[in-house]
Every structure is written in structure tokens, then in C-alpha cells.
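Please read the structure below before turning to the comments.
The values are calculated or read from the model by the stated rules, or taken from the named source; none is laboratory data. Every value quoted in this text rests on a predicted model; they were computed, and no experiment measured them. Here the Cβ is made from the backbone with ideal geometry for all residues, glycine too, and neighbour counts use every protein chain on show.
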Amino acid sequence: MSIEFHIEAKSGAARAGRLITPHGEIETPVFMPVGTLASVKGVSQDILEELGVRILLGNTYHLYLRPGVEQVRKLGGLHRFMAWPRAILTDSGGFQVFSLNELRKVTEEGVTFRSHLDGSSHFLSPENAMQAQIGLGADIIMAFDECTEYPADSARMRASMEMTLRWAERSKKYFEEHKNEVPWNGFHVGAAERSQALFGIVQGGMDLQLRKESAERTIGISFPGYAIGGLSVGEPRPLTREVVESTIEHLPADKPRYLMGVGTPEEIVAYAKLGIDMMDCVLPTRAARHGLLFTSDGKISIKQARYAGDDSALDPNCGCRVCQRYSRAYLRHLYAANEVLAQVLNTIHNLSFYLDTMRTVRHSILLGKETGSSCVQSEPKP
RNA sequence: GCGCUCGUGGUGUAAUGGGAGCACGUUAGCCUGUCCAGCUAAAAGGUGCGGGUUCGAGUCCCGCCGGGUCCA
């Protein structure tokens, strides 16, 4: 068994669990920082460890283009290459097919696309997406899916969902046939360490009936975990929640549930309460680099002139190394001066805030409390 | 002192005699499986000053003021 998942406590629909991977245990619900190019932009791996990050995201599409899967494989796999001893999940590249849509051509066989780096032509299919992810060696890898665009009509949503299901079967078939191949030349690691788990992805657009069907048929293929994809693609927030809430009901209770690409601090708390176990989002890291910081008192745009003389801590209720040491005035100065340190510190804080938020939710589930987090409010105080 | 040259938003600059634009900066907003130190928007000049030519002048002419520079 490549991974194990144990549920330790429940509170309403929410679960506190433990995900056991070849690279360590992960307490859920968990937020997974995004490190697309084998790097969480702005922060080093030792700081991520210090923050308590147990699992990171990597991206097959980006690593495939640069530095190349073969290069990473020769260097001992993604963990060794990026010097990250804990767990990694790689996204299959399905979402990039969606988000880079001007350059793509989707067929039953797979996707032909042009590199955003140099315009060169490439082909990604369920089979070679699996091959790439086996080569990278993440603990959890994702089926190659098609992220349905929004809005889409019902015919389009169904056709897209059906193709994702066929691609899921092909992904699993290829994975089962090749997962035991020793991928890393010259580096001798145990079979346990290189064993991987392949997760399926539920699609179906915003249609609840299609979501149900997608969930049931994806479960029919059988995966050790299930993701909800195709959300946060431009739809109204209440609709996102409605689809998640509805889809969760059709997912097995004893398998990890991963909601892809979500969300704000308020949203990750809400989804954890609905029974989501894993989430990832670029928001904390990207927003940090753009000067948007999340605090116990709501959002702060640190670039605003009002903070130029503010000597107080960024978030007085936050215990992170940034809030313990630096003032808002200093953080604002660093941002205005375009100092790299601004991105570093802002990212550390936002990740710390997200991780703390999830820890608080987990704690409250273990205590059986209905309310998840006292440190998150929906709006900043006036 | 003679000659030449240049004076345009905060800064740096652009505009065959015909709607004063761009960049940076400033201010605000956005960011949800990262093409992201990204994107959007707003405020900000009536062109050093005064006259003239012209239907029309940042642009041409004259004078003044200020900067640069060559010569002596």
C-alpha cells in the first residue's frame, strides 16, 4: 500500500485524519503550499519545515518543460533534487492545459500544446503524464484530467467529464503497469520510498448530477484518494461551495478528499468543516508577493500608504517569525522599495497563517467543537 | 562676453505646424490544481515667461529668464 489514511476524529461532517506517506505523516485537514517549479517562491525548504509544512505541491507541466523530467529523474527524483524530505504531491498538468488554453489543442488522445517558455510543441496524454509523474517520484500523483472551463453548456460539461473518466482509466492502467519500475538511475532507494499513490479527479462542471455521476464512476475505477477538480475557475463563490458540498456526499468516507485549488482562509476553514481533507492554493504565496497579507483581523494590503508609519506587528495574534520581529511600516517599506525580502517575509507570514488556520480547525475537530477557527474573520474591521 | 543648444505631469522623455503621449514614481483595486517580483485603474502637465507669424504654435520668429556647452 502506497499510502494509508486513518480518520482519528469527526465533528459534524469534518474529519481529523492522518495520511501516511513514504515521506512522513500528514495530519489532516491539511493545506498544501504550492511549489510549482520545485520551489515555493520566496521561501527555502528549511523554513517550510520550520513552518510545519508536511506536504508540498509540484507541477508536472512546469517541471516537464524545465528542467525536464529526465533531468530530475537522473538526479534522484524530485525529493532529492529539491532537497525536500517530506511528502510531495504532483499535479498532472491537466489544469495547465486549461489555463494556457490559447496554446492548446485537445483530442481524445491527449493535448498538444506549445511551451509558454519557447513556443516549442509538446504532447501530454494520460500515459505520458503518468510516466512523467512516476519519473518525478512524488508520493501522491494525480490522474490526467480535463478541467472544464466556466461557463460551459451541459453538452460540453458532459463530454468533458466523460473524457476525464476515460483519461482516468488510462492513467490508472499506465500507472499500474509501470509503477514498480525503478525510476531513479544510480540512486538506491527502498521500494517503500518510491511507492506512489494515484488519485482520481472528479469533474462535471457546475452540474450537480454530473458531479454525482463523475464521482461514482471515478470511484468505480478505484483510487486511494479522490480530488474535486474544476472549481475556482471563475464561478461565483456560493456555487463553488454548493458543488463541493454536493460532491462530497458521493465520495467514500474512508478515503482522503482533496479539493483542488482552493481558497481563501475563510474558504479553507469552511471546506474542512464540510469534510475536505486536503487543499492547495497559490493564493497565500502569490498574494504575499503582491502585498496582500492575511491576518486574524482580515486582509491587509501592506502596500497602502496608511501603513508607512505603523510600528505595530503585522498581526498581533500571529506567532510567526515575521510578526514577532517586524513592523508593518518596515514590511511596507520593503515592498515599496521592491526588496526581495518583502516577498520572503510576506510569504512566510501568509503560509504560517494558513497552516495555523488548518491546525486550529483540526484541533477543534479533535475536541469535537463545531466552530473551526477563532482566528479567521470574513472582513477586516473598519 | 560671443556662438550653439536645451527648457513638456514628481522624475526621465515623445509629439511632418493640426487630438500633449510613454516610462518610472504616487494612489487605489485585483489575485483561488502559479505563463505571476503579475494584472487593472486613477490622480498628476496645457508645454520657463512675454510678444509675434498662422485658420491653427510644444513645434516657426523676436525678446527675456534659467540650465548645459564651445570659443575667448
Note: among A:Ile134, A:Ile88, A:Ile141, just one is under 21 Å from A:Tyr226 (Cα atoms), more than 12 Å from RNA strand B (Cβ to nearest atom), part of a strand (DSSP E or B) and not basic (Lys, Arg), namely A:Ile88
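Applying the selection to segment A:262-278, what residues are part of a loop (DSSP other than H, G, I, E, B), more than 6 Å from RNA strand B (Cβ to nearest atom) and hydrophobic (A, V, I, L, M, F, W, C)?
Looking only at segment A:262-278, we keep the residues that are part of a loop (DSSP other than H, G, I, E, B), and these are A:262-264, A:275-277.
Add one more test, that the residue is more than 6 Å from RNA strand B (Cβ to nearest atom), and what stays is A:275-277.
Selection gives A:Ile276 alone.
Please determine whether any residue of segment A:47-55 is assigned to a strand (DSSP E or B), within 29 Å of A:Glu181 (Cβ to Cβ) and more than 10 Å from RNA strand B (Cβ to nearest atom). Before the answer, list the steps.
Kept after step one, since they are assigned to a strand (DSSP E or B), are these residues of segment A:47-55: A:55.
With the extra rule that they be within 29 Å of A:Glu181 (Cβ to Cβ), the set shrinks to A:55.
Subset that is more than 10 Å from RNA strand B (Cβ to nearest atom): A:55.
Checked segment A:47-55: at least one residue is assigned to a strand (DSSP E or B), within 29 Å of A:Glu181 (Cβ to Cβ) and more than 10 Å from RNA strand B (Cβ to nearest atom).
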Restricting attention to segment A:279-297, the residues that are surrounded by 21 or more Cβ atoms within 10 Å (Cβ to Cβ) and away from RNA strand B (no atom under 11 Å from the Cβ) number exactly 1
Filtering segment A:149-164 down to residues that are crowded, with 16+ Cβ neighbours inside 10 Å and over 16 Å from A:Thr107 (Cβ atoms) yields A:Glu149, A:Tyr150, A:Ala152, A:Met157, A:Arg158, A:Met161
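Does A:Leu345 qualify as being part of a helix (DSSP H, G or I), touching a helix residue (DSSP H, G or I) at 6+ places or on another chain (Cβ under 7 Å) and more than 13 Å from RNA strand B (Cβ to nearest atom)? Walk me through how you get there before you give the answer.
Details: part of a helix (DSSP H, G or I): yes; touching a helix residue (DSSP H, G or I) at 6+ places or on another chain (Cβ under 7 Å): yes; more than 13 Å from RNA strand B (Cβ to nearest atom): yes.
Considered against the rule, which asks whether it is part of a helix (DSSP H, G or I), touching a helix residue (DSSP H, G or I) at 6+ places or on another chain (Cβ under 7 Å) and more than 13 Å from RNA strand B (Cβ to nearest atom), A:Leu345 comes out as yes.
Collect the residues in segment A:15-42 that are outside any loop (DSSP other than H, G, I, E, B), among the hydrophobic types (A, V, I, L, M, F, W, C) and on the phi > 0 side of the Ramachandran plot, keeping them in residue-number order. Give the derivation first.
Step one: of segment A:15-42, the residues outside any loop (DSSP other than H, G, I, E, B) are A:15-21, A:24-28, A:30-32, A:34.
Now narrow it down to the ones that are among the hydrophobic types (A, V, I, L, M, F, W, C): A:16, A:19-20, A:26, A:30-32, A:34.
Selection gives nothing.
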Query raised in the report: So is A:Leu117 without any contact (Cβ under 8 Å) to a residue 60 or more places away in the chain, within 15 Å of RNA strand B (Cβ to nearest atom) and out of contact with any strand residue (DSSP E or B) (no Cβ under 7 Å at 6 or more places or on another chain) or not?
Result: yes
**OP:** Consider A:Lys74 carefully, then state whether it is modelled with pLDDT of 95 or more, more than 25 Å from A:Ala168 (Cβ to Cβ) and out of contact with any Asp or Glu (no Cβ under 8 Å at 6 or more places or on another chain).
**Re:** no
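Looking at segment A:219-232, which of its residues are at negative phi and within 11 Å of RNA strand B (Cβ to nearest atom)? Please lay out each step first, then the result.
Let us first name the residues in segment A:219-232 that are at negative phi, namely A:219-221, A:223-229, A:231.
Across segment A:219-232, the qualifying residues are A:Ala227, A:Ile228, A:Gly229, A:Leu231.
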Expected single match for surrounded by fewer than 16 Cβ atoms within 10 Å (Cβ to Cβ) and within 16 Å of RNA strand B (Cβ to nearest atom) among A:Glu216, A:Glu235, A:Glu242 is A:Glu242
(1) closer than 23 Å to A:Asp207 by Cα; (2) more than 10 Å from RNA strand B (Cβ to nearest atom); (3) of a type outside the set (D, E, K, R) all hold for A:Cys147 apart from (2)
In segment A:321-339, residues that are charged (D, E, K, R), within 16 Å of RNA strand B (Cβ to nearest atom) and part of a helix (DSSP H, G or I) total 2
The one condition A:Ala155 fails out of (1) more than 10 Å from RNA strand B (Cβ to nearest atom); (2) touching a residue at least 12 places away in the same chain (Cβ under 8 Å) is (2)
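Let's see how each residue does on (1) surrounded by 23 or more Cβ atoms within 10 Å (Cβ to Cβ); (2) at pLDDT below 95; (3) of a type in the set (Asp, Glu):
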| site | (1), (2), (3) |
| --- | --- |
| A:His6 | no, no, no |
| A:Ala9 | no, no, no |
| A:Ala13 | no, no, no |
| A:Ile20 | no, no, no |
| A:Ile26 | yes, no, no |
| A:Val30 | yes, no, no |
| A:Pro33 | yes, no, no |
| A:Lys41 | no, no, no |
| A:Glu50 | no, no, yes |
By residue number, the members of segment A:265-296 that are under 18 Å from A:Val53 (Cα atoms) and of a type outside the set (A, V, I, L, M, F, W, C) are A:Pro265, A:Asp277, A:Asp280, A:Pro284, A:Thr285, A:Arg286
Residue set A:Gly17, A:Gly52, A:Gly42; condition farther than 17 Å from A:His349 by Cβ and touching a residue at least 60 places away in the same chain (Cβ under 8 Å); output residue A:Gly17
Among (1) under 30 Å from A:Ser11 (Cα atoms); (2) within 14 Å of RNA strand B (Cβ to nearest atom); (3) free of Cβ contacts under 8 Å to residues at least 40 places away in the same chain, A:Pro316 falls short only on (2)
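Could you pull out the residue among A:Gly42, A:Gly137, A:Gly52 that is touching a Phe, Trp or Tyr at 6+ places or on another chain (Cβ under 8 Å) and closer than 30 Å to A:Ser352 by Cα?
On the way: A:Gly42 fails: touching a Phe, Trp or Tyr at 6+ places or on another chain (Cβ under 8 Å); A:Gly52 fails: touching a Phe, Trp or Tyr at 6+ places or on another chain (Cβ under 8 Å).
Selected residue: A:Gly137, the only one of A:Gly42, A:Gly137, A:Gly52 that is touching a Phe, Trp or Tyr at 6+ places or on another chain (Cβ under 8 Å) and closer than 30 Å to A:Ser352 by Cα.
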